[in-house]
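The values are calculated or read from the model by the stated rules, or taken from the named source; none is laboratory data. These figures come from a predicted structure and were not determined experimentally. Backbone-built Cβ (ideal geometry, glycine too); neighbour counts: all protein chains shown.
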Amino acid sequence: MPVTVPSALEAQIEELIARYPQKRSAAVMVLHALQDHFGCLAPETMEWAAAKLELQPINILELVTFYPMFRQAPVGRFHLKVCRTLSCALAGSHELHRHLCEKLGLDRHAHGPQTTPDGKFTVEFVECLAGCGTAPVLMCNDACHEGVTLAQAEALLAQCEGG
Amino acid sequence: MSAAAVVTSPAPPSSDTVNVTVDGRTVAVPRLLPDWRGKLVPTTMIQACEQAGVEVPHYCYHAKLPVAGNCRMCLVEYGLPALGPEGQPLRKPDGSLAVKKSPRPAIACATPISPGMEIYTATPEVQQMRASVLEFLLINHPLDCPICDQAGECKLQEYSVEYGHAASRFVETKVHKPKQVDLGPRIMLDDERCILCTRCIRFTRDLAGDDALGIVNRGSYNTLAAYPGRAFDNPYTLNTVDLCPVGALTAKDFRFQMRVWFLKETKSLCTSCGTGCNVLIGSRENRILRYTPRANDAVNVCWLCDHGRLNYRWIGRPDRLRQLAGSRLPAPTWDAALTEVAQRLRHAVPGSVAVVASARLANEELYLIRRLAQHTGAATDIVPRSGPGDAWLIHADKNPNSLGAQRLGISADPAGSRLSQFAAAIGQGTLRTLLVFGEDVTPRGLGPELLDRLECLVVSDILPNRTTERAHVLLPGCAHAEKCGSFTNVHGRVQRFFKAVEPPGGARPEVEFLRELLQRVSGEPQPDTAEGLFHRMAAEVPAFAGLTWAGLGDTGAARPPEAERVRPRADATAG
Ligand code: SF4
Ligand code: SF4
Ligand code: FES
Ligand code: FES
């Protein structure tokens with residue numbers, strides 16, 4: 001099923017491509033734009049991007065599978081990314097991750113992003129979020145939360161539930 | 001100008017060469033060498049080592065592919081002339097240049113040489129780096145050599161034996177990856193064996209022009225893949241199997257068929273088009289198991305098209321013609337058959353005999369047919385064969401020896417144009433004896449009813465067809481893999497092929513029975529080796545003047561330019 005890219009998004013993507021001397025250089029930016037719009041990068045979306053950038057779909061798949069921030073399946077409405085790199089790991093990010101998973105009924109041992117059956121929450125371990133001085137750090141969608149205690153995490157979940 | 005300068009530098013390096021020292025031995029190597037496209041680029045350490053006769057182990061590097069520099073197997077140590085504070089070269093007390101060893105190693109495949117460079121490939125540090133690279137490569141490797149087709153010609157095996165550790169220190173769990181990936185119609189992939197050298201990716205993208213392969217996922221999960229749902233299918237895919245240094249890419253055709261160390265390898269040629277790619281025929285116990293490319297920079301570099309590579313099965317077909325046959329065969333012996341045919345030809349009215357030869361026959365065979373035709377006043381032609389070609393190897397002329405047939409005056413101009421005259425002459429009853437060597441003429445205007453009107457139809461072939469069915473004398477012949485000879489490719493390069501397997505049953509090489517037939521018809525002895533025949537042909541046919549059998553070597557030869565000039569007639573139509 002071919003993907004339908006709204007004309008506004010296509011115009012935005014064309015503007016992105018025009019910033020680079022070679023079309024292929026815009027690949028990551030274009031994928032971000034598509035993922036922001038569609039929520040994930042389905043095969044049809046990758047094929048659309050490849051055609052737009054005059055590349056082969058395998059070139060796009062390489063990028064999408066290389067960068068963890070690109071995803072091929074949708075995530076929940078609230079995407080919780082818990083940092084597990086050194087500072088955060090030392091400051092208790094594993095407890096934070098476990099707590100979130102337990103509260104939401106998710107398998108904390110499973111690999112990759114885990115989403116609640118109602119599609120509301122996704123919890124995922126990620127690498128350094130560049131807030132090491134205020135570990136542990138997590139991101140809820142685009143908002144960064146620093147020095148997160150278990151209580152604060154629960155409050156965040158409650159806030160999302162209400163939202 | 002100072003003559004002294006000349007005196008103090010004993011061997012002034014010419015601007016086209018650079019002096020480098022490899023493991024203590026100084027060699028002058030060209031400053032520039034051709035890259036994979038043939039473009040002159042600065043010579044690299046690995047090329048300099050090669051010129052010095054030192055092999056640097058490598059996986060990702062391949063002389064005919066763009067350089068990737070990803071496997072690190074080719075790490076070497078090196079030093080450069082030491083410079084003083086003013087940038088002047090420092091000298092040792094004995095006057096020789098002082099060399100400063102670099103604290104870091106470099107990959108030999110991607111590092112250009114510079115004057116006075118010293119390359120060290122055998123230091124304990126280099127040995128240790130090689131062992132470490134191998135250890136990394138083997139961390140997740142499945143070590144399934146006992147069931148791997150590459151075993152015996154695997155660079156991972158070979159370098160592990162030569163440079164690796166005897167035992168693994170890895171006690172953790174290996175990463176598992178897809179093991180039987182049906183990559184395309186002719187290729188099976190085992191991702192666990194892949195060492196991620198990207199040779200296959202570069203070949204497919206940069207040479208075959210089909211950007212079909214890539215590496216997905218990250219880190220130790222890196223996986224060679226085609227895009228899901230897209231078959232890896234271009235006319236040249238099987239070259240990736242040759243390029244793959246390990247057993248990740250395997251040919252479905254050869255998979256699990258034979259241990260490579262049991263194969264006998266014979267130098268031969270592909271016969272599926274006029275390019276005449278050089279091949280090695282791998283055979284065992286008289287069965288052909290594979291063709292692999294044989295390097296020839298003037299023809300196929302080191303590549304083959306998939307079609308040509310796989311087009312060998314017919315040689316072993318069970319319905320091969322293996323017995324003399326036909327209603328005019330006085331007795332089922334070659335002697336009787338050839339005596340009968342010779343008798344017929346000797347007493348034929350001039351103009352009543354014609355020959356249809358095949359441009360799949362060797363030059364030497366076509367030369368014998370030419371002589372036979374001269375003795376009997378027979379007209380000759382061949383059956384042209386064309387199909388799709390491309391801008392790379394695959395030629396539209398699907399005969400391996402069209403130009404040979406043309407240069408020997410066997411084919412009409414254009415090839416095949418005399419066949420309709422033959423048909424008319426049979427119809428009129430003037431053409432009464434037809435000799436057909438290696439072609440089915442029935443789809444070429446010489447249909448069965450016409451053939452039935454001949455007084456004598458002599459046919460030699462390899463497989464049965466509607467022409468062989470009607471033969472009054474049927475002589476079972478040989479595939480090129482069963483005999484020795486030469487072809488002239490579409491560019492005029494004369495190349496040799498050798499016998500890999502025995503012909504089935506009573507079949508005999510055409511070159512043998514044509515020689516015997518010619519002797520009987522002409523009463524003159526003929527050379528009984530391919531070499532002797534070739535030399536007689538070269539002496540007699542201007543188009544082959546100046547060529548010698550031995551001079552053809554492994555990669556063939558074109559006529560020397562002076563022979564080109566005395567060429568009696570234009571012969572450039574088979575392009
Ligand atoms: S499949 Fe073979 S050639 Fe291709 S990257 Fe892997 S090891 Fe290299
Ligand atoms: S290009 Fe022609 S000669 Fe070469 S392998 Fe293919 S068919 Fe054979
Ligand atoms: S280690 Fe967690 S933000 Fe850097
Ligand atoms: S051969 Fe030089 S890095 Fe692979």
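The residues of the stretch B:274-300 that are aliphatic (A, V, I, L, M) and away from ligand 2 (no atom under 11 Å from the Cβ), listed by number, are B:L280, B:I281, B:I288, B:L289, B:A295, B:A298. Surrounded by 16 or more Cβ atoms within 10 Å (Cβ to Cβ) and in a loop (DSSP other than H, G, I, E, B) - does that describe any residue in the stretch B:332-342? No: the stretch B:332-342 contains no residue that is surrounded by 16 or more Cβ atoms within 10 Å (Cβ to Cβ) and in a loop (DSSP other than H, G, I, E, B). Note on the stretch A:120-145: residues that are over 22 Å from A:G162 (Cβ atoms) and either surrounded by fewer than 15 Cβ atoms within 10 Å (Cβ to Cβ) or polar (S, T, N, Q) (or both) total 5. All conditions but one from (1) closer than 12 Å to B:T198 by Cα; (2) part of a loop (DSSP other than H, G, I, E, B); (3) within 14 Å of chain A (Cβ to nearest Cβ) apply to B:N234; the one that does not is (1). Being more than 25 Å from A:R24 (Cβ to Cβ) and more than 16 Å from ligand 2 (Cβ to nearest atom) is a property that A:L63 lacks. From the list B:E125, B:E153, the lone residue that is assigned to a helix (DSSP H, G or I) and among the acidic types (D, E) is B:E125. The residue that is nearest to ligand 2 (Cβ to nearest atom), among those in the stretch A:143-153 that are under 25 Å from A:G105 (Cβ atoms) and out of contact with any helix residue (DSSP H, G or I) (no Cβ under 7 Å at 6 or more places or on another chain), is A:A143.
Scanning the stretch B:137-167 for residues that are touching a Phe, Trp or Tyr at 6+ places or on another chain (Cβ under 7 Å) and of a type in the set (D, E, K, R) yields B:D149, B:K155.
Just wondering, is there one or more residues in the stretch A:125-140 that are closer than 14 Å to A:L156 by Cβ, under 17 Å from the mean Cα position of the chain (by Cα), touching a residue at least 60 places away in the same chain (Cβ under 8 Å) and away from ligand 3 (no atom under 11 Å from the Cβ)? Yes: one or more hits. Per the listing B:D390, B:D381, B:D319, the residue uniquely touching a strand residue (DSSP E or B) at 6+ places or on another chain (Cβ under 7 Å), in contact (Cβ under 8 Å) with a residue 40 or more places away in the chain and charged (D, E, K, R) is B:D381.
For the stretch B:254-273, the condition holds for no residue, the condition being that it is surrounded by fewer than 16 Cβ atoms within 10 Å (Cβ to Cβ) and within 14 Å of ligand 2 (Cβ to nearest atom).
Screening the candidates B:R320, B:R344 for the property of being in contact with a Pro (Cβ under 7 Å, 6 or more places away or on another chain), more than 28 Å from B:E153 (Cβ to Cβ) and charged (D, E, K, R) yields one hit, B:R320. Among what's in the stretch B:287-318 and is under 15 Å from B:T266 (Cβ atoms) and part of a loop (DSSP other than H, G, I, E, B), pick the residue that is nearest to ligand 4 (Cβ to nearest atom). Per the criteria, the residue is B:R294.
Taking (1) of a type in the set (G, A, S); (2) within 17 Å of the chain's Cα centre (by Cα); (3) at positive phi in turn, B:G505 satisfies each apart from (2). If you filter the stretch B:504-542 down to residues that are in contact with a Pro (Cβ under 8 Å, 6 or more places away or on another chain) and of a type in the set (G, A, S), you find that the one that is farthest from B:L435 (Cα to Cα) is B:G505.
Quickly run through the stretch A:75-124 and pick out the residues that are of a type in the set (D, E) and more than 16 Å from ligand 3 (Cβ to nearest atom). The answer is A:E102, A:D107, A:D118. Residues that are outside any helix (DSSP H, G or I) and among the aliphatic types (A, V, I, L, M) within the stretch A:10-69 comprise A:L41, A:A42, A:L53, A:L55, A:M69, listed in sequence order. Answer yes if at least one residue in the stretch B:236-244 is at pLDDT 95 or above and within 16 Å of ligand 4 (Cβ to nearest atom), and no otherwise. The answer is yes, given that some residue of the stretch B:236-244 is at pLDDT 95 or above and within 16 Å of ligand 4 (Cβ to nearest atom). Count of the stretch B:178-207 residues, restricted to those that are in a loop (DSSP other than H, G, I, E, B) and within 13 Å of chain A (Cβ to nearest Cβ), is 2.
For the stretch A:45-69, the tally of residues that are away from every other protein chain (no Cβ under 11 Å) and surrounded by 15 or more Cβ atoms within 10 Å (Cβ to Cβ) stands at 5.
Residue pairs whose Cβ atoms lie under 8 Å apart, separated by 6 or more positions or on different chains, with the first residue in the stretch B:518-530 and more than 30 Å from B:G553 (Cβ to Cβ) and the second part of a helix (DSSP H, G or I) and of a type in the set (G, A, S), are B:R520/B:A342; B:V521/B:A342. In the stretch B:383-403, is there at least one residue being away from ligand 1 (no atom under 16 Å from the Cβ) and either closer than 16 Å to B:E455 by Cα or within 14 Å of chain A (Cβ to nearest Cβ) (or both)? No, there is no match, as no residue in the stretch B:383-403 is away from ligand 1 (no atom under 16 Å from the Cβ) and either closer than 16 Å to B:E455 by Cα or within 14 Å of chain A (Cβ to nearest Cβ) (or both).
Considering the conditions (1) under 23 Å from B:G219 (Cα atoms); (2) away from ligand 3 (no atom under 16 Å from the Cβ), A:A51 is excluded by exactly one of them, (1). Restricting attention to the stretch B:212-228, the residues that are assigned to a loop (DSSP other than H, G, I, E, B) and at the interface with another protein chain (Cβ under 8 Å from one of its Cβ atoms) add up to 5. Pairs are defined by a Cβ separation below 6 Å, a sequence spacing of at least 6 or placement on different chains, a first member in the stretch B:161-180 that is without any contact (Cβ under 8 Å) to a residue 40 or more places away in the chain, and a second member that is of a type outside the set (A, V, I, L, M, F, W, C) and surrounded by 13 or more Cβ atoms within 10 Å (Cβ to Cβ); the pairs so defined are B:K174/B:N140; B:K179/B:D190; B:K179/B:E192.
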